[in-house]
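A.B. asks: Handing you a structure now.
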Amino acid sequence: MKLKQKIMRNPFSFWHLLLRSLLPSSASLIVSTVITFIVVGLQILLLSLKQGTFMPQLFGDASSNWTDAYSRFIIDPVESFTTNNTVNTVLLGMLWGLVGWALFLIVMSIASTAHDVRENRDSVYVPSPQRIVQHPLQNTLIMRLVWRAGIIVLAVVVTVLFAPVVSDILERIESGSYATSPLTLATNIAVIYFGWMGVMHAYIVLLRLFLFRTRVRGEIVDNHTL
């Protein structure tokens with residue numbers, strides 16, 4: 001009760017900001033929805049490349065026309081694009097570029113952290129031979145390192161726990177291509193959409209906590225508010 005009163009009394013307290021970071025924002029919902037559509041669309045495209053079409057059973061007598069049109073305007077151009085050597089070379093170069101960029105960010109983060117630790121350790125004030133005052137932000141830096149290490153471990157645990165959920169979502173996308181009724185298809189779509197939204201929201205929250213923010217570009221959650 002006291003904690004609840006404290007949170008309500010001070011909207012900038014650590015606990016209030018922490019609880020706020022767990023809530024979805026309009027930006028996160030929009031981004032998650034767009035990513036969900038992209039992921040599902042890519043899997044549907046890959047499935048249709050393997051199967052040659054997608055859900056012709058829902059079109060009744062027009063299924064043959066749908067199959068021909070889908071193959072002509074979707075399957076054939078995509079297969080022509082993906083089998084192009086120049087395109088594959090460019091995509092491979094972009095992939096290695098992303099890997100290099102990620103490694104660069106990791107190395108820069110480690111180097112920056114090591115520099116901050118060394119700087120805080122060496123920045124001492126000696127008012128007298130018997131007294132040494134450490135840098136006032138030394139404890140803050142240590143707490144930040146421990147916090148972020150804990151978030152990384154939590155992200156690994158969440159990934160392991162979400163593996164069966166993601167596997168079930170992917171299976172539902174594939175089984176949806178064999179749907180025999182609009183109701184079955186709608187049910188699969190709902191489960192797939194909310195499943196992906198839940199998974200992505202969990203990672204967005206972890207990213208916010210790693211960045212010490214209630215939103216990716218929002219208020220700062222710092223240990224000074226404890």
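The values are calculated or read from the model by the stated rules, or taken from the named source; none is laboratory data. Since we're looking at a predicted model, the values are computed, not measured. Methodologically, a virtual Cβ is constructed for each residue, glycine included, from the backbone with ideal geometry; neighbour enumeration extends over all protein chains shown.
A.B. asks: Please determine, by comparing only the residues of region 126-156 that are of a type in the set (Gly, Ala, Ser) and within 25 Å of Ser112 (Cβ to Cβ), which one is modelled with the highest pLDDT. Quick ask: steps written out before the conclusion?
C.D. replies: First, the residues of region 126-156 that are of a type in the set (Gly, Ala, Ser): 128, 149-150, 155.
With within 25 Å of Ser112 (Cβ to Cβ) added as a condition, the list becomes 149-150, 155.
Numbers: Ala149: 85, Gly150: 88, Ala155: 91.
Selected residue: Ala155.
A.B. asks: Considering each of Thr53, Thr67 in turn, give the residue that is part of a loop (DSSP other than H, G, I, E, B), modelled with pLDDT under 85 and either surrounded by 14 or more Cβ atoms within 10 Å (Cβ to Cβ) or of a type in the set (S, T, N, Q) (or both).
C.D. replies: On the way: Thr67 fails: part of a loop (DSSP other than H, G, I, E, B).
Within the list Thr53, Thr67, the selection yields Thr53.
To keep it simple, each residue is scored yes or no on (1) surrounded by 14 or more Cβ atoms within 10 Å (Cβ to Cβ); (2) more than 29 Å from Arg148 (Cβ to Cβ); (3) at pLDDT below 85.
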site	(1), (2), (3)
Phe162	yes, no, no
Pro182	no, yes, yes
Leu185	yes, yes, yes
Ala190	no, yes, no
Val205	yes, no, no
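A.B. asks: Can you give me the number of residues within region 148-204 that are of a type in the set (Lys, Arg) and under 21 Å from Thr33 (Cβ atoms)?
C.D. replies: So the first thing to find is which residues in region 148-204 are of a type in the set (Lys, Arg), and the list is 148, 172.
Still in the running and under 21 Å from Thr33 (Cβ atoms): 172.
Residues meeting the conditions: 1.
A.B. asks: What tally of residues in region 10-39 results from selecting those that are farther than 16 Å from Thr214 by Cβ and at pLDDT below 85?
C.D. replies: Looking only at that region, the number is 0.
A.B. asks: Continuing with the same structure: Look through region 72-84, keep the residues that are part of a helix (DSSP H, G or I) and within 31 Å of the chain's Cα centre (by Cα), and return whichever of them is surrounded by the most Cβ atoms within 10 Å (Cβ to Cβ). Explain how you work it out, then say what you get.
C.D. replies: Within region 72-84, the subset part of a helix (DSSP H, G or I) is 72-82.
Subsequent filtering for residues that are within 31 Å of the chain's Cα centre (by Cα) retains 74-75, 77-79, 81-82.
Numbers: Ile74: 15, Ile75: 18, Pro77: 10, Val78: 14, Glu79: 12, Phe81: 10, Thr82: 12.
Applying the filter and picking the extreme gives Ile75.
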